[in-house]
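Below: the structure, in structure tokens.
The values are calculated or read from the model by the stated rules, or taken from the named source; none is laboratory data. The structure displayed is predicted, hence computed values, not measured ones. Counting neighbours? That spans all protein chains shown, and the Cβs are built from the backbone with ideal geometry, glycine included. Just the protein is used for accessible areas: all its heavy atoms, side chains included, with ligands, DNA and RNA removed. Shrake-Rupley method; radii C 1.70, N 1.55, O 1.52, S 1.80 Å.
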Amino acid sequence: GGLPAWLVENANVKLRTANGPYLEACSRFITALADQVRDMQVTAPGVGGPLLLIQCESSWTCGDDTLAEQYLGELHRYVNEAGIDVPCVNNNNLWQSVEGDIDCWSGAHEPLSTMRQLSSVRGTQPRFVLDFPTGAQTRWGDEPTTPAEPWVLQRRLAEVLAGGGQFNLRPFCGGQLLGFSAGRLDDAMDS
């Protein structure tokens, strides 16, 4: 999942939650990354750069608003304190949100109704599908899956646009490895 081995091997670390050692590692990473990209923000003084927005977490849900505020709120705070001031987005499918984030969607099922839901619940925010899959995610060693028919993808993308939304196509938006190949995928995740 993109986490360094030294972090995963630490018995005191609980991943992707309001755990002190994990949040400390997140803080160090966000600060170091911000030092490298701060001047690349479109809001940077002078010319500005190509960085339009950021995302602190991806597809994170827990069903506990308090934990969400503790964890996602800390990540958002680290980003702000590091001098990143472009908008922050999430794709938690409206499970949990943090004040200041733009709530977005992940997936390709029923996109028109999803865009309508986003406009009704978050009427003042843009409607984004941050992770629109163009095919099923695979695991190393699994047999290839049958890709979706092109007309199915075209129809779903048209529904996003008809609902006033925008989209990022997976694998082009990230999360995949070199050459658009699959990486490790947990059994608990959707395909």
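Values as computed for the structure displayed
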{"quantity": "From phi via Karplus (6.51, -1.76, 1.60), per-residue ³J(HN,Hα) for the stretch 8-18 in Hz, x at Gly/Pro", "calculated": "5, 7, 7, 5, 7, 9, 10, 6, 6, 8, 7"}
{"quantity": "Protection proxy ranking, peptides 123-132, 62-71, average beta carbon neighbours within 10 Å, highest first", "calculated": "123-132, 62-71"}
{"quantity": "For the stretch 14-55 and the stretch 104-158, distance of Cα centres in Å", "calculated": "26 Å"}
{"quantity": "Surface accessible to a 1.4 Å probe, Leu53 within the full protein complex, Å²", "calculated": "70 Å²"}
{"quantity": "Extended-chain gain in nm, criterion 0.36 nm per residue less alpha-carbon gap, Ser113 and Leu51", "calculated": "19.3 nm"}
{"quantity": "At R0 = 41 Å, FRET efficiency that the Cβ-Cβ distance of Ala11 and Asp142 yields, to 0.05", "calculated": "0.85"}
{"quantity": "Extension reserve of the Gln125-Leu3 stretch, reckoned as 0.36 nm per residue once the Cα distance is removed", "calculated": "40.9 nm"}
{"quantity": "Percent accessible area from carbon and sulfur atoms, the stretch 1-156, protein chains only, probe 1.4 Å", "calculated": "53 percent"}
{"quantity": "Accessible area of the chain divided out per residue, in Å², using a probe of 1.4 angstrom", "calculated": "62 Å²"}
{"quantity": "FRET efficiency, Leu161 to Thr43 (Cβ-Cβ, R0 30 Å, nearest 0.05)", "calculated": "0.65"}
{"quantity": "Cut-off under 5 Å, modelled amide H: who pairs with Arg127 long-range", "calculated": "Gln166"}
{"quantity": "Over the chain: helical MRE at 222 nm, DSSP H runs n ≥ 4 each giving -39500 (n - 2.57), nearest 500", "calculated": "-10500 deg cm²/dmol"}
{"quantity": "Beta bridges by DSSP in the chain, antiparallel share as percent, to the nearest 5", "calculated": "5 percent"}
{"quantity": "For Val89, residues with placed amide H under 5 Å, excluding near neighbours", "calculated": "Ile54, Gln55, Cys56, Ile102"}
{"quantity": "Accessible heavy-atom area order of Ser27, Ser113, highest first, probe of 1.4 Å", "calculated": "Ser113, Ser27"}
